[in-house]
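Data block below; observations after.
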Amino acid sequence: MKILVPVKRVIDYNVKVRVKPDNSGVDLANVKMALNPFCEIAVEEAVRLKEAGIATEIVVVSIGNKLVQEQLRTALALGADRAIQLDTELTLDSLQVAKLLAKVVANEQPQLVIMGKQAIDSDNNQTAQMLAALTGMGQGTFASKVVVAEGKVQVTREIDGGLQTVELTLPAVVSTDLRLNEPRYASLPNIMKAKKKPLDVTAADSFGVALESKVQTLSVKAPESRKAGVVLSDVAELVSKLKDEAKVIS
Amino acid sequence: MTILVIAEHNNSSLKADTYKTVQAASLLGAEVHLLVAGEQCQTAAAQAAEVVGVTKVLVADDAAYGHQLAENVAALVAELGKGYSHILAAATTTGKNMLPRVAALLDVAQISDVIAIASADTFVRPVYAGNAIATVQSADSIKVLTVRSSAFAAAPTGNSAAIEKLDIVKELGVSRFVSEELTKSERPELTAAKVIISGGRGMQNGENFALLNGIADKLNAAIGASRAAVDAGFVPNDMQVGQTGKIVAPDLYIAVGISGAIQHLAGMKDSKVIVAINKDAEAPIFQVADYGLVGDLFTILPELEAAL
Ligand SMILES: Cc1cc2nc3c(=O)[nH]c(=O)nc-3n(C[C@H](O)[C@H](O)[C@H](O)COP(=O)(O)OP(=O)(O)OC[C@H]3O[C@@H](n4cnc5c(N)ncnc54)[C@H](O)[C@@H]3O)c2cc1C
Ligand SMILES: Nc1ncnc2c1ncn2[C@@H]1O[C@H](COP(=O)(O)O)[C@@H](O)[C@H]1O
């Protein structure tokens, strides 16, 4: 079984982003970038399925400029077999990303697509669902457990009320939640090996997909900051503040 | 211009998020239709007719929609949606699962987690874990939005909108509901509670979360958690507050043994009053807390329970 894992290059999750003074966006100059944490979990899950003898090949794909090759190499070091970069300088919406991924699915014919539930920059949480819609596949979003057997995949999903398990006919799309697994670190020998694994580059505009977005960002502002509060001396003081000053308890 | 809102319900009652989403839709200044897709969902549909602002309730009652399988519900909504200017659902796990599928089927973008409506085509939403607030304008023919419940008031009840039964069954046959394990609790729901007390890694284990119960009882509070507490298995996943968990904005949020990572703050920093209890005076949570107590939670929690 072939598994396709779409991965995104995003700001490192430890970085506190700053909004540009002209409110045109956030400042990404000289900021540490990384593989989106949910994509890392997706790669790990695919590698575990390969180690379990269920998957035979793992293909990772990323859409973006040359810099995304760094994250593709990371994914290869974690155990993916080959990588595809769809090259573009444009910042795409989830819909355009999903349309391009649908073309990759058509070419590669994977049995399973595993991807992140959310990119921690846009916080969109859309692409997996959109890809599933465009390819007519079933979707197992926010997965905390994935079991593949006999042409089906059972996905346990983290939902607002607890957990839900669905069964999907393969091929299917799975999106990862935090509890699915704990990703490994790439070992030095694997990082070296990853440099020799195949990485194909194709122009994103060669797929016949209109890449322009219908959604325009008018401004990006910093959120209202909270006033620094006070440290109190004891519980009695806290209770009286909550009652008499904040009036949030009675 | 007519707006379609997708109701969130469990067949027998509407979820609080539905009232908030209708309220957001009403701000767009147009007629609102509320879709109740489910199985044996007449009671939920009757409640939907009572929501002020709704001019028509559409009911699709079929086994195909019983468990809100995204594949089937999205196919239904996409078919209905062609006649609407906007399609809205709550940014809950149900809405997030289904609505992007609708947007893709309609070949339009989705705008996620809307926190304010600037005009019929311009919306405000947080990005980068709430560290930036973007205002975006959509030129799509149909605007598809998920709405963050914590940012909107609930639409009141007292209406009696017309109910129209739909005869559209979409069973894609690619997915099947297997089982569900829902967390049972007598407490208010996290996203609806006026008071929340959350525990983090500092709680040390699941048993110690009992220290929060007495306080939660006295304050009629919901209990939440940080990712670290969920990952460590102290409490179930549905208690996670944060960027990738639940977004809450209660009147009072008490963070106990939580350091205040940006991903946690993203889920609670719009609370009216924040209290932090942490033994580390340097913990970032104190930068957003209105009131802080620096000390050992194992001494402070029993004292707090006794003092309330
Ligand atoms: C992609 C991604 C998504 C994430 N999403 C979320 C999310 O949605 N929600 C979320 O919460 N996190 C999320 N995180 C994790 C986040 O980065 C932090 O790791 C997490 O919030 C830390 O949890 P914590 O504060 O409980 O633990 P810690 O950071 O370990 O803090 C524990 C605190 O307890 C205090 N403490 C310990 N013992 C005591 C005691 N006896 N008395 C008083 N205080 C004590 C310590 O001083 C410390 O400040 C995410 C991370 C990633 C990478
Ligand atoms: N530019 C991209 N290239 C490859 N995969 C992407 C890209 N953008 C998003 N994805 C995938 O879609 C997931 C969800 O992203 P989003 O819907 O934007 O929050 C990510 O975790 C990736 O797996």
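The values are calculated or read from the model by the stated rules, or taken from the named source; none is laboratory data. Quantities reported herein were computed from a predicted structural model and do not represent experimental measurements. Please note: Cβ atoms are built from the backbone with ideal geometry, for glycine as well, and neighbour counts cover all protein chains shown.
Residues checked against (1) buried (at least 16 other Cβ atoms within 10 Å of the Cβ); (2) under 23 Å from the mean Cα position of the chain (by Cα):
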site: B:A193; (1), (2): yes, yes
site: B:I197; (1), (2): yes, yes
site: B:E207; (1), (2): no, no
site: B:L219; (1), (2): yes, yes
site: B:G224; (1), (2): yes, yes
site: B:A232; (1), (2): yes, no
### Query
Do we find that B:M239 is buried (at least 17 other Cβ atoms within 10 Å of the Cβ), farther than 15 Å from A:D160 by Cβ, more than 8 Å from chain A (Cβ to nearest Cβ) and at pLDDT 95 or above in this structure?
no
### Task
Would you check which residues across segment A:39-95 are more than 16 Å from ligand 1 (Cβ to nearest atom), buried (at least 20 other Cβ atoms within 10 Å of the Cβ) and within 14 Å of chain B (Cβ to nearest Cβ) and list them?
A:L92, A:D93, A:S94, A:L95
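Within segment B:271-281, does at least one residue satisfy the condition of being closer than 27 Å to A:F38 by Cβ and either near ligand 1 (Cβ under 7 Å from one of its atoms) or under 22 Å from the mean Cα position of the chain (by Cα) (or both)?
yes
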### Query
Is segment B:83-98 home to any residue that is without any contact (Cβ under 8 Å) to a residue 40 or more places away in the chain and facing chain A (nearest Cβ under 8 Å)?
yes
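How many residues does segment A:1-30 hold that are within 11 Å of chain B (Cβ to nearest Cβ) and either part of a loop (DSSP other than H, G, I, E, B) or within 16 Å of ligand 1 (Cβ to nearest atom) (or both)?
Qualifying residue count for the region: 14.
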## Note on the structure
Condition set more than 9 Å from ligand 1 (Cβ to nearest atom) and buried (at least 21 other Cβ atoms within 10 Å of the Cβ), scope segment B:248-267, selection farthest from the chain's Cα centre (by Cα): answer is B:I254
### Message
Let me confirm something: among B:V288, B:V275, which residue is under 23 Å from B:A151 (Cβ atoms), surrounded by fewer than 23 Cβ atoms within 10 Å (Cβ to Cβ) and within 11 Å of chain A (Cβ to nearest Cβ)?
### Response
B:V288
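Take segment B:103-124 and flag every residue that is within 8 Å of chain A (Cβ to nearest Cβ) and buried (at least 18 other Cβ atoms within 10 Å of the Cβ).
Initially, segment B:103-124 is screened for residues within 8 Å of chain A (Cβ to nearest Cβ), giving B:103-105, B:107-113, B:122.
Listed by number, the residues that qualify are B:A103, B:A104, B:L105, B:V108, B:A109, B:Q110, B:I111, B:S112, B:D113.
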### Message
Restricting to segment B:291-308, and then to whatever is part of a helix (DSSP H, G or I) and more than 13 Å from ligand 1 (Cβ to nearest atom), can you tell me which residue is surrounded by the fewest Cβ atoms within 10 Å (Cβ to Cβ)?
### Response
B:A306
### Message
Going residue by residue through segment B:179-196, is there one that turns out to be within 16 Å of ligand 2 (Cβ to nearest atom) and within 12 Å of another protein chain (Cβ to nearest Cβ)?
### Response
no
### Message
Of everything in segment A:223-244, what is more than 7 Å from chain B (Cβ to nearest Cβ) and modelled with pLDDT under 95? Give them in sequence order.
### Response
A:E224, A:S225, A:K227
### Enumeration of residues in segment B:160-195 that are part of a loop (DSSP other than H, G, I, E, B) and more than 30 Å from A:V248 (Cα to Cα)
B:S160, B:A161, B:L166, B:D167, B:I168, B:V169, B:K170, B:E171, B:L172, B:G173, B:V174
### Message
Condition first: out of contact with any helix residue (DSSP H, G or I) (no Cβ under 9 Å at 6 or more places or on another chain), surrounded by fewer than 19 Cβ atoms within 10 Å (Cβ to Cβ) and in a strand (DSSP E or B). Now tell me which residues in segment A:134-164 satisfy that.
### Response
A:K145, A:V147, A:A149, A:K152, A:Q154
#### Entry: Where A:E182 falls short, out of the listed (1) facing chain B (nearest Cβ under 9 Å); (2) of a type outside the set (K, R); (3) part of a loop (DSSP other than H, G, I, E, B); (4) more than 28 Å from A:R73 (Cβ to Cβ)
(4)
### Query
Quick check: is even one residue across segment A:114-129 in a helix (DSSP H, G or I) and more than 16 Å from the chain's Cα centre (by Cα)?
no
### Task
For segment A:16-32, enumerate the residues that are touching a strand residue (DSSP E or B) at 6+ places or on another chain (Cβ under 6 Å) and either loosely packed, with under 12 Cβ neighbours inside 10 Å or over 15 Å from A:D121 (Cα atoms) (or both).
A:N23
